[in-house]
Structures are given as C-alpha cells and as structure tokens.
Amino acid sequence: MKINMLNESGIIILDFGSQYTQLIARRIRENNVYSEILSPETKIDEILSKKPAGLILSGGPNSVYKSDAPKFDTRILSLDIPIMGICYGLQLLAHKDGGRISSSGDGEYGFASININKQSGLFSNISSESEVWMSHGDKIEEMPDRWQILATSSNGVIAAIGNENQSRVATQFHPEVSHTKEGKEIISNFLFKISNCTPNWTAGNFINEQINIIRERIGKKKVLVGVSGGVDSTVVAALLHKAVGENSIAVLIDHGLLRKNEAIDCVDALQKGLGVNINSYDESESFLSKLNMITDPEKKRKIIGNEFIFSFERIAENLGKIDFLAQGTLYPDIVESGFSKGKSAHVIKSHHNVGGLPENMDFELIEPLKDLFKDEVRKVGLELGLPKSLIQRHPFPGPGLGVRIIGEISRSRIKILQEADKIYMDILVEDNLYDEIWQAFAVLIPVQTVGVMGDQRTYENLLGLRAVTSQDGMTADWFRMPSDTLSKISNRIVNNVQGINRVVYDITSKPPGTIEWE
Ligand code: XMP
C-alpha cells in the first residue's frame, strides 16, 4: 500500500525545468517538511488527492508567451492552497493573473541586492535589504491587478510579489540557492507562515517510505547490492536489508586496493552490526596481476574498471536468479551525468559508482538515494544504525589506492601506503580535524630520498599528504592543517612505517590541481 506522505503537511513542487528544482526539495527537507517533485502536467485531481499543504512552481528555461512553454493545468491556480512561484514560477503567476512579462534581453544573473517593502508573510524577519541570487532574462513589466510588489532589486526589477491575502507569493530570485543569504528563512516562511506545513519529515520517515517503495517493487524477488566500502553503497545495503531481509544480497569486491581494514570494517558494520546478508570477495589476485608493471593512470583505471566487471559477473552468476541491482547513486551524481531530475525521473541513467558495472547485465536498477545529497545520506545511515565512524568517512575513489600509488603497484607498496594512510587518518581523528576536512589521503611517490635515522643513512620512499576542503569535489582548496598536527603525522609515519623516510604536504587547490594525484 502506498502511503501519502504529503497529507496536509508537505509541499508539491511542479518542476518547470529548473536546474535548481532538487535544491528546492532539499531546502524543504532541511525544514523537516516532506516534498514531492511532479511534472507540471500533473492533473489537478492527482494533486488534490495528495492533499498538499502548499505548492511551489519552480523556475524554468522557458518564456511564458512561447508556444513551447510547459503545459500545465491552470485550474491549479484557483485551488484553495498556498502557492509560491520562483523565477519562471513568478512570471507564470503574474502572467496568468493578467500581468505583463517582458523579455528585454538585459536580465539579471548572479548577486543582486533587494529592498523589501513588506516584512510580513514571506519576508517575516528578513532584513529590509538582503542579498539574493538572480538568474533570469524575463521580468514583470506590468503588475497583475490586486497583487502588490513585496520587494524590488537594486537594478529596478520587481523581485517579489504577493496577492492580497498572500496566499500567492513569488520571487524573481532563487531563495533555494545558498548564495541567497536569507533564502532558507524565506522558504521556511512559505512553509510555516503561509502554508501551515508540519515539520514531521525525518530520516526515519524517509526510511519508512523507501522501505514501502522497495517492498512493492521487489516483492519476493532478489536484489543484489554492490558495496564499495564507501558511505553511499553501505547505506543502500543497510536500507535494502531492512526492506527485504535475506532477499537482498550484498557483495563487496575487495580489489586489494582498499584502505587498511576498510573491507573488514564495512562488512562487520553491516553483518555483525545489522545482520545484513553480505559477502566480501577477495579478488586482489586477479586485479593485481593485471596491474603488474602498469604505470599509466588511465590504463590503471581501465584495468580496474574492467576487472570489476569480470569479478562482478562471475560472482553474480553463482548467486542464482537476480532481478534487481541496487546502487548508491546520489543526486549530485545525476547532476554530474547531465540529467535533470524533474523531466527524466524514470529514465535516469545509472551513474556507475561501484567502479563501473556490466552494461549487458539484465538487472532493473534500484537507486533509493537518488534524490538525496551526501549530508542527507549520512543522516539516513545514522538512523539505520550504522556507526558514525563509517558514515562520516571521506569519499574514496573506485580505483582506490591504485591511483594513490604513483607508478608501479605492488603488494609491498600497497602495504606501505595502507600503513602510512592509517596513521594519517588516525591522527586527523585524534586531533579532531577529520570532520573539518572533505577528503584526506596519503600518496606514495616513486621517488627515493636520503635521510638519517639513528646513525644510519636511509634511502627510502617519499610520501605525500593531501587534505582538501570542498562542497562537492568539483572545486577544492587545500586544508590549512595546523603545523603541530603535520609534525605529529610526519614523525609517527617515518618512525613506524618501514619504507618511508620523508613526508610532504600538498598545497595545491583544484583547479589547477585535481584532488587525486592520478
Ligand atoms: P579529482 O581527482 O578528479 O577527484 O579532483 C574528485 C573526486 O572524485 C574522486 N575520484 C574518483 N572516484 N572513480 C571514482 O569513483 C575514479 O576514477 C575517481 N577519480 C577521482 C576523488 O577521490 C575525489 O573525491
């Protein structure tokens, strides 16, 4: 049975094709309110049956007068439900109520400051002058009757409007993007001061909803979960287990290039901690033999990707009939792949974040986290009972240590890097720095330098330390690591890891560098 999560407490977002629609949903979830993104063509009966507390009309790339503007059921505008329009949504509300929109060609893009004329409702407790993010070519030229201007931008553009009783409000700017300084509060005002939403949306509710959906889809069939040791796939494995128990089969392929104890920690947390049906397969022999003598980073990636497919196929074949494959795809993965959610909810190509999976395998994909952002996945993971140490883990690339051992990969070099990297991570935790950093790791550099230990000359490997801050890995800055911590890391590594006698710290941002060295 499908439960209606909206039920007079949540918001329906009609997606007119904005690149920010998922961000609107995210901001709503941040207020613990449930939301659903629907096509603008959704019929009024369906919307009414869901009983939303409010509606949001998203932005979009079209112009309201153009024949290719998305069609929608205009009767929605007469419903006795609060409606907020954002960007294109504002133009739509104004246009449908008799206002005039113009395309002068001189739009506003980027930061703008606005002056707020009326602080009630949408702008309750918002500064009278506030910084917002604009991204529009069209604008209101003539106001619709019985509407009033709530805010104006410093460029003279109408920035926000509302009808007489403020049951219809709209902003030309994007309150959902983080650049709009008080955007979160503005959305919160729409949810609670205008729409009467109930803040009952939690990670627990998300889990219950997904369990219902998954059970309905899978029935008594079997689902395979590829677990990489990272946060996302681990959370999916825990969720699938909770939904369908033994019919979910989790598989971790250990290519021999994981961090020290990573495979064991992950399997233990899932198997011993939550009773998940998971098996780890030591496939290191076939991976490492193929990588022997390979130094080119792209060749390494290709070999690892291909081996992954071979291993996966071999393992899956022995598991009997499997109909579904569950993956830890997140919303940013989909954005990166160039798919906009609203229009393509049913045709989203999977982002192969478990090292690239076989294309010719006949699985139906299950991607329960595909609407979430990383921090939301972490909340879901904690709620499912996974340990904090695993949930807060930094991202780890599919090819693993293979791209952190510069040059040739061998078991002895993997061991050196694993030991050094473990010390590095332990000290970051000890010094309470781990959670401040987006990603940190050590790199084994194929250069030997001279040192002196005791009275002995040494001639050993060089180790690089990398630590970056970032939002999403697309850009990054090097982390300003306290010098005492750097000193502690260097001393402990050189004193305890045989094969390393010198440590350097990478101070390159991205761009121009990348986060990984290969
Ligand atoms: P770069 O090095 O491109 O890394 O700045 C950005 C983020 O992506 C991760 N990364 C990968 N992840 N397969 C993956 O699954 C890969 O081949 C790969 N290369 C880089 C990297 O760890 C960082 O988080």
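The values are calculated or read from the model by the stated rules, or taken from the named source; none is laboratory data. Remember, predicted model here, so these are calculated numbers, not experimental data. Please note: Cβ atoms are built from the backbone with ideal geometry, for glycine as well, and neighbour counts cover all protein chains shown. Side chains are part of the model used for accessible areas, which takes the heavy atoms of the whole protein and leaves out ligands, DNA and RNA. Shrake-Rupley method; radii C 1.70, N 1.55, O 1.52, S 1.80 Å.
Taking the stretch 384-417 as the region of interest, how many residues are within 16 Å of the ligand (Cβ to nearest atom) and under 14 Å from L258 (Cβ atoms)? Show your work before the answer.
The first filter runs over the stretch 384-417 and keeps only residues within 16 Å of the ligand (Cβ to nearest atom), leaving 392-406, 409, 417.
Filter again for under 14 Å from L258 (Cβ atoms), leaving 393-405, 409, 417.
Total satisfying the criteria: 15.
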G105 fails exactly one of (1) modelled with pLDDT of 95 or more; (2) open to solvent by 10 Å² or more (accessible area, probe 1.4 Å), namely (1)
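Yes/no per residue for (1) buried (at least 16 other Cβ atoms within 10 Å of the Cβ); (2) touching a strand residue (DSSP E or B) at 6+ places or on another chain (Cβ under 7 Å); (3) among the basic types (K, R):
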{"site": "L90", "(1), (2), (3)": "yes, yes, no"}
{"site": "A94", "(1), (2), (3)": "yes, yes, no"}
{"site": "R100", "(1), (2), (3)": "no, yes, yes"}
{"site": "N115", "(1), (2), (3)": "no, yes, no"}
{"site": "G137", "(1), (2), (3)": "no, no, no"}
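Working carefully through the options A420, A442, find the one that is within 16 Å of the ligand (Cβ to nearest atom) and out of contact with any Lys or Arg (no Cβ under 6 Å at 6 or more places or on another chain).
After ruling out the rest, the residue left standing is A442.
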So, in the stretch 451-492, of the ones that are open to solvent by 30 Å² or more (accessible area, probe 1.4 Å), in contact (Cβ under 8 Å) with a residue 24 or more places away in the chain and among the β-branched types (V, I, T), which residue ends up farthest from T514 (Cα to Cα)? T469
Any residue in the stretch 364-382 that is modelled with pLDDT of 95 or more, more than 15 Å from the ligand (Cβ to nearest atom), open to solvent by 50 Å² or more (accessible area, probe 1.4 Å) and not aromatic (F, W, Y)? yes
Quick one: is E129 open to solvent by 10 Å² or more (accessible area, probe 1.4 Å) and more than 19 Å from I187 (Cα to Cα)? no
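Regarding the stretch 220-230, can at least one residue be identified that is on the phi > 0 side of the Ramachandran plot and under 23 Å from the mean Cα position of the chain (by Cα)?
Yes - at least one qualifying residue is present in the stretch 220-230.
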On the basis of being surrounded by 19 or more Cβ atoms within 10 Å (Cβ to Cβ) and either assigned to a helix (DSSP H, G or I) or over 27 Å from the mean Cα position of the chain (by Cα) (or both), does A420 make the cut? yes
State which residue pairs qualify: first residue closer than 13 Å to L90 by Cα and inside the stretch 57-69, second residue in a loop (DSSP other than H, G, I, E, B) and hydrophobic (A, V, I, L, M, F, W, C) in any location, beta carbons under 6 Å apart, and separation of 6 or more residues or different chains. S58/F16; G59/C87; G60/F16; N62/A69
Of the residues in the stretch 306-334, those that are in contact with a strand residue (DSSP E or B) (Cβ under 6 Å, 6 or more places away or on another chain) and of a type in the set (S, T, N, Q) number 1
Would you mind finding the one in L319, L257, L270 that is touching a residue at least 40 places away in the same chain (Cβ under 8 Å), part of a helix (DSSP H, G or I) and not hydroxyl-bearing (S, T, Y)? L270
Odd one out for G183 among (1) out of contact with any His (no Cβ under 8 Å at 6 or more places or on another chain); (2) modelled with pLDDT of 95 or more; (3) under 14 Å from I28 (Cα atoms): (1)
Take I303 and tell me if it is under 16 Å from S410 (Cα atoms) and within 15 Å of the ligand (Cβ to nearest atom). yes
For D472, which of the numbered conditions (1) within 23 Å of the chain's Cα centre (by Cα); (2) of a type in the set (D, E); (3) away from the ligand (no atom under 15 Å from the Cβ) fails to hold? (3)
Show the residue pairs meeting these rules: Cβ distance below 9 Å; 6+ apart or different chains; first residue within the stretch 386-398 and in a helix (DSSP H, G or I); second residue away from the ligand (no atom under 16 Å from the Cβ) and open to solvent by 40 Å² or more (accessible area, probe 1.4 Å). K388/L382; S389/D265; S389/V429; L390/D265; I391/K379; I391/L382
State whether the residues of the stretch 31-40 include one that is of a type in the set (A, V, I, L, M) and within 14 Å of V169 (Cα to Cα). no
Inspect all residues belonging to the stretch 139-160 and state whether any of them is farther than 24 Å from Y65 by Cα, surrounded by fewer than 21 Cβ atoms within 10 Å (Cβ to Cβ) and among the polar types (S, T, N, Q). yes
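Could we say that I13 is within 26 Å of I140 (Cβ to Cβ), touching a Phe, Trp or Tyr at 6+ places or on another chain (Cβ under 9 Å), open to solvent by less than 40 Å² (accessible area, probe 1.4 Å) and modelled with pLDDT of 95 or more here?
Details: within 26 Å of I140 (Cβ to Cβ): yes; touching a Phe, Trp or Tyr at 6+ places or on another chain (Cβ under 9 Å): no; open to solvent by less than 40 Å² (accessible area, probe 1.4 Å): yes; modelled with pLDDT of 95 or more: yes.
Against the criterion (within 26 Å of I140 (Cβ to Cβ), touching a Phe, Trp or Tyr at 6+ places or on another chain (Cβ under 9 Å), open to solvent by less than 40 Å² (accessible area, probe 1.4 Å) and modelled with pLDDT of 95 or more), I13 does not qualify.
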Could you look through the stretch 346-359, keep only residues that are away from the ligand (no atom under 16 Å from the Cβ) and either touching an Asp or Glu at 6+ places or on another chain (Cβ under 9 Å) or at pLDDT 85 or above (or both), and pick out the one that is farthest from K221 (Cα to Cα)? I348
Out of everything in the stretch 423-455 that is under 18 Å from D506 (Cα atoms) and polar (S, T, N, Q), what residue ends up being nearest to the chain's Cα centre (by Cα)? Q439
Of the conditions (1) under 25 Å from I391 (Cα atoms); (2) open to solvent by less than 20 Å² (accessible area, probe 1.4 Å); (3) at pLDDT below 90; (4) within 20 Å of the chain's Cα centre (by Cα), A326 clears all except one; give me its number. (3)
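Could you grab me the full set of residues in the stretch 493-518 that are more than 20 Å from E436 (Cα to Cα), open to solvent by less than 80 Å² (accessible area, probe 1.4 Å) and either away from the ligand (no atom under 16 Å from the Cβ) or in contact with a Gly (Cβ under 9 Å, 6 or more places away or on another chain) (or both)?
I493, V494, V497, G499, I500, N501, V503, V504, E518
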